[in-house]
């Protein structure tokens, strides 16, 4: 008899909670930030991943040219 257990987490996550908090603070006029910074927890991690990927690709090309 085979039993498989699957565990999945479908929570909002840290960045999602931070975004909701920033939006609530903006709408209640506690902070007066630009909407770019309010929504930064959504787009900033993606930008960081893209920058790291670009750096890895550049290093790979440099190594390929040298070798």
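Residues in region 44-67 that are at pLDDT below 95 and either in contact with a helix residue (DSSP H, G or I) (Cβ under 6 Å, 6 or more places away or on another chain) or within 23 Å of residue 12 (Cα to Cα) (or both): 3 in all.
Residues in region 29-67 that are assigned to a helix (DSSP H, G or I) and over 30 Å from residue 17 (Cβ atoms): 57, 58, 59, 60, 61, 62, 63, 64, 65, 66. All of (1) within 11 Å of the chain's Cα centre (by Cα); (2) exposed (fewer than 12 other Cβ atoms within 10 Å of the Cβ) hold for residue 40 with one exception: (2).
The values are calculated or read from the model by the stated rules, or taken from the named source; none is laboratory data. This one's a predicted model, so the numbers in the text were calculated from it and none came from an experiment. A quick note on method: Cβ atoms are made from the backbone with ideal geometry, for glycine too, and the neighbour counts reach across all protein chains shown.
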